[in-house]
Amino acid sequence: MPLQLLTSYLSNCQHYTTIKNTKSQSANISCGVSLGSVLGPLLFIMYVNDLPNCSAFKTVLYADDTYLSLSHKHLHVLKYLVNSELAKADKWMHLNRLSINYSKSVYMLTRCIKSLCSPTELTSFNVHINNVLLSVGNDMCEVFGRVTVNRQ
(Lines give C-alpha, C1' and ligand atoms only; values in the text may rest on other atoms or scores of the structure.)
Protein backbone atom coordinates (compact mmCIF):
# COMPACT_ATOMS: atom_id res chain seq x y z
CA MET A 1 0.00 0.00 0.00
CA PRO A 2 2.72 2.61 0.83
CA LEU A 3 4.42 1.97 -2.54
CA GLN A 4 1.10 2.43 -4.36
CA LEU A 5 0.49 5.69 -2.50
CA LEU A 6 3.94 7.01 -3.41
CA THR A 7 3.56 5.88 -7.04
CA SER A 8 0.20 7.62 -7.21
CA TYR A 9 1.73 10.81 -5.76
CA LEU A 10 4.52 10.86 -8.36
CA SER A 11 2.48 9.76 -11.40
CA ASN A 12 0.62 11.96 -13.88
CA CYS A 13 1.80 15.20 -12.28
CA GLN A 14 1.42 18.49 -14.10
CA HIS A 15 2.66 21.99 -13.44
CA TYR A 16 1.85 25.48 -14.62
CA THR A 17 2.98 29.02 -13.97
CA THR A 18 0.85 32.00 -13.03
CA ILE A 19 2.05 35.56 -13.57
CA LYS A 20 -0.38 38.16 -12.30
CA ASN A 21 -3.72 36.87 -13.63
CA THR A 22 -2.31 34.86 -16.54
CA LYS A 23 -1.93 31.09 -16.19
CA SER A 24 0.29 29.08 -18.55
CA GLN A 25 -0.79 25.82 -20.11
CA SER A 26 -0.25 22.75 -17.94
CA ALA A 27 2.71 20.52 -18.77
CA ASN A 28 3.52 17.00 -17.60
CA ILE A 29 6.32 16.52 -15.10
CA SER A 30 8.41 13.55 -16.22
CA CYS A 31 11.04 13.86 -13.49
CA GLY A 32 10.99 15.34 -10.00
CA VAL A 33 8.25 16.66 -7.77
CA SER A 34 6.26 19.86 -7.76
CA LEU A 35 7.86 22.88 -6.12
CA GLY A 36 6.09 23.70 -2.88
CA SER A 37 4.77 20.18 -2.38
CA VAL A 38 4.62 18.75 1.13
CA LEU A 39 6.56 15.59 0.33
CA GLY A 40 9.00 17.26 -2.11
CA PRO A 41 11.79 18.10 0.37
CA LEU A 42 11.68 14.65 1.97
CA LEU A 43 11.72 12.89 -1.40
CA PHE A 44 14.62 15.08 -2.56
CA ILE A 45 16.70 14.26 0.52
CA MET A 46 15.98 10.56 -0.02
CA TYR A 47 16.98 10.92 -3.68
CA VAL A 48 20.34 12.61 -2.99
CA ASN A 49 21.13 10.67 0.18
CA ASP A 50 23.96 8.73 -1.47
CA LEU A 51 25.72 11.85 -2.82
CA PRO A 52 28.22 11.73 0.10
CA ASN A 53 29.38 8.30 -1.13
CA CYS A 54 30.52 9.57 -4.55
CA SER A 55 33.54 11.57 -3.39
CA ALA A 56 35.98 12.14 -0.54
CA PHE A 57 34.20 15.34 0.54
CA LYS A 58 32.63 15.61 3.96
CA THR A 59 29.09 16.34 2.79
CA VAL A 60 26.25 18.09 4.59
CA LEU A 61 22.82 18.06 2.92
CA TYR A 62 20.09 20.47 3.95
CA ALA A 63 16.97 20.75 1.78
CA ASP A 64 18.36 21.56 -1.68
CA ASP A 65 21.63 23.05 -0.39
CA THR A 66 24.83 21.06 -0.21
CA TYR A 67 28.00 21.87 1.73
CA LEU A 68 31.17 20.04 0.68
CA SER A 69 34.31 20.19 2.81
CA LEU A 70 37.80 18.86 2.28
CA SER A 71 41.09 19.51 4.02
CA HIS A 72 44.76 18.85 3.45
CA LYS A 73 47.93 20.26 4.98
CA HIS A 74 49.40 21.19 1.57
CA LEU A 75 47.51 23.81 -0.44
CA HIS A 76 48.62 22.52 -3.86
CA VAL A 77 47.38 19.03 -2.97
CA LEU A 78 44.11 20.47 -1.64
CA LYS A 79 43.58 22.33 -4.93
CA TYR A 80 44.06 19.11 -6.90
CA LEU A 81 41.80 17.10 -4.57
CA VAL A 82 39.00 19.69 -4.54
CA ASN A 83 38.91 19.91 -8.33
CA SER A 84 39.07 16.14 -8.89
CA GLU A 85 36.44 15.41 -6.20
CA LEU A 86 34.15 18.12 -7.64
CA ALA A 87 34.39 16.36 -11.00
CA LYS A 88 33.15 13.18 -9.29
CA ALA A 89 30.27 15.03 -7.61
CA ASP A 90 29.33 16.71 -10.90
CA LYS A 91 29.33 13.33 -12.67
CA TRP A 92 27.10 11.89 -9.92
CA MET A 93 24.71 14.81 -10.38
CA HIS A 94 24.45 14.28 -14.14
CA LEU A 95 24.00 10.51 -13.76
CA ASN A 96 21.13 11.22 -11.34
CA ARG A 97 19.50 13.80 -13.65
CA LEU A 98 20.42 16.74 -11.42
CA SER A 99 22.47 19.82 -12.14
CA ILE A 100 24.64 22.21 -10.19
CA ASN A 101 23.84 25.90 -10.41
CA TYR A 102 27.38 27.09 -11.11
CA SER A 103 26.43 30.75 -10.66
CA LYS A 104 25.37 30.06 -7.06
CA SER A 105 28.34 27.82 -6.25
CA VAL A 106 31.24 29.36 -4.36
CA TYR A 107 34.26 28.07 -2.51
CA MET A 108 36.08 29.34 0.52
CA LEU A 109 39.41 28.59 2.15
CA THR A 110 38.53 28.64 5.82
CA ARG A 111 41.98 28.31 7.35
CA CYS A 112 45.48 28.63 6.10
CA ILE A 113 48.52 29.05 8.30
CA LYS A 114 50.31 31.97 6.67
CA SER A 115 53.76 30.51 7.14
CA LEU A 116 52.71 27.45 5.13
CA CYS A 117 50.89 29.31 2.33
CA SER A 118 52.63 31.68 0.00
CA PRO A 119 50.67 34.58 -1.56
CA THR A 120 51.22 32.95 -4.96
CA GLU A 121 49.63 29.71 -3.76
CA LEU A 122 46.62 31.58 -2.40
CA THR A 123 46.05 33.61 -5.58
CA SER A 124 46.49 30.57 -7.82
CA PHE A 125 43.96 28.50 -5.88
CA ASN A 126 41.19 28.08 -8.46
CA VAL A 127 38.22 25.76 -8.25
CA HIS A 128 36.41 24.51 -11.36
CA ILE A 129 33.31 22.43 -11.98
CA ASN A 130 32.83 21.23 -15.54
CA ASN A 131 35.34 23.86 -16.79
CA VAL A 132 33.44 26.67 -15.00
CA LEU A 133 35.57 28.75 -12.62
CA LEU A 134 33.80 29.16 -9.27
CA SER A 135 33.77 32.43 -7.36
CA VAL A 136 35.44 32.84 -4.01
CA GLY A 137 32.98 33.24 -1.15
CA ASN A 138 33.14 36.67 0.46
CA ASP A 139 32.56 35.67 4.10
CA MET A 140 35.61 35.63 6.33
CA CYS A 141 35.63 32.52 8.48
CA GLU A 142 37.76 30.82 11.03
CA VAL A 143 37.46 27.15 11.75
CA PHE A 144 37.49 26.03 15.36
CA GLY A 145 37.51 22.24 15.26
CA ARG A 146 34.54 21.44 13.07
CA VAL A 147 32.52 24.59 13.76
CA THR A 148 32.64 27.44 11.26
CA VAL A 149 32.07 30.89 12.73
CA ASN A 150 31.23 33.79 10.38
CA ARG A 151 32.86 37.10 11.21
CA GLN A 152 30.61 40.12 10.58
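The values are calculated or read from the model by the stated rules, or taken from the named source; none is laboratory data. Keep in mind the model is a prediction, meaning the values are calculated, not measured. Using ideal geometry, Cβ is built from the backbone for each residue, glycine included, and neighbour counts are taken over all protein chains shown. Each accessible area value is taken on the protein alone, full model and side chains, heavy atoms only, with ligands, DNA and RNA left out. Shrake-Rupley method; radii C 1.70, N 1.55, O 1.52, S 1.80 Å.
Annotations for the structure displayed:
- Residue pairs meeting the criteria (Cβ under 7 Å; at least 6 apart or on separate chains; first charged (D, E, K, R), in the stretch 21-43; second loosely packed, with under 10 Cβ neighbours inside 10 Å and at pLDDT 80 or above): 23/16
- Restricting the stretch 52-81 to residues that are aliphatic (A, V, I, L, M), under 30 Å from residue 39 (Cα atoms) and at pLDDT below 85, the residue that is surrounded by the fewest Cβ atoms within 10 Å (Cβ to Cβ): 63
- Hits in the stretch 1-51 (condition: in a loop (DSSP other than H, G, I, E, B), open to solvent by 100 Å² or more (accessible area, probe 1.4 Å) and modelled with pLDDT under 85): 1, 12, 16, 30, 35, 38
- Filtered residues of the stretch 65-92 (kept if under 12 Å from the mean Cα position of the chain (by Cα) and touching a residue at least 12 places away in the same chain (Cβ under 8 Å)): 66, 68, 69, 86, 89, 90, 92
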